[in-house]
Amino acid sequence: MSDEDEDAEPAVSLGEHTPVEGAPLARVSSRLTWPKEKSEVDRLEGDAVIRTPDGPRELSGVLEAVDETYFQRHQEFEGHVRDVIGTGPVPTADE
């Protein structure tokens, strides 16, 4: 690779940075190992703030509305959480 290539502009413009409050649900679930009990998820990550279509919410509050008590895989956990929080566009921090 030449010096000329290193100074070149990126091929794709990344756009403006728009702040969003909270962490993506996938990021929170990736920090855990599975299977896991709901109470253990709450103990380890309950204070995490996740992004939802209604704005940021603490995971602990969301877990209270989940009926399942044991998650075999992260996909199962994320599915139950999404059943509670819904899906859709996430508002930016200044909306």
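The values are calculated or read from the model by the stated rules, or taken from the named source; none is laboratory data. These figures come from a predicted structure and were not determined experimentally. In this analysis, Cβ positions are derived from the backbone assuming ideal geometry, glycine residues included, and neighbour counts consider all displayed protein chains. The area values use the complete protein model at the heavy-atom level, side chains included, leaving out ligands, DNA and RNA. Shrake-Rupley method; radii C 1.70, N 1.55, O 1.52, S 1.80 Å.
Distances between placed amide hydrogens fall under 5 Å for Ala48 paired with Leu59, Ser60, all partners being 5 or more residues away or on another chain.
Length gained on full extension, Thr92 to Thr18: 26.0 nm, using 0.36 nm per residue less the C-alpha separation.
Quick check for me: using +1 on Lys/Arg Cβ and -1 on Asp/Glu Cβ, what's the dipole size of the range 53-95 about its Cα centre, in debye to the nearest 20?
On the way: 3 positive and 10 negative charges, 28 e Å.
In total the dipole reaches around 140 debye.
Computed with a 1.4 Å probe on the full set of protein chains, the accessible area for Val49 sits at about 60 Å². Dividing the alpha-carbon radius of gyration of the range 13-95 by the rule-of-thumb value 2.2 N^0.38 Å gives 1.13. Largest accessible area first, the listed residues Thr87, Thr92, Thr52 line up as Thr87, Thr92, Thr52 when surface is computed with a 1.4 Å probe on the assembled protein chains. Based on the alpha-carbon gyration tensor of the range 49-95 and its eigenvalue square roots a ≥ b ≥ c, which shape applies: rounded if a/c is under 1.5, prolate if not and a/b is larger than b/c, or oblate? Here the range 49-95 falls in the prolate category.
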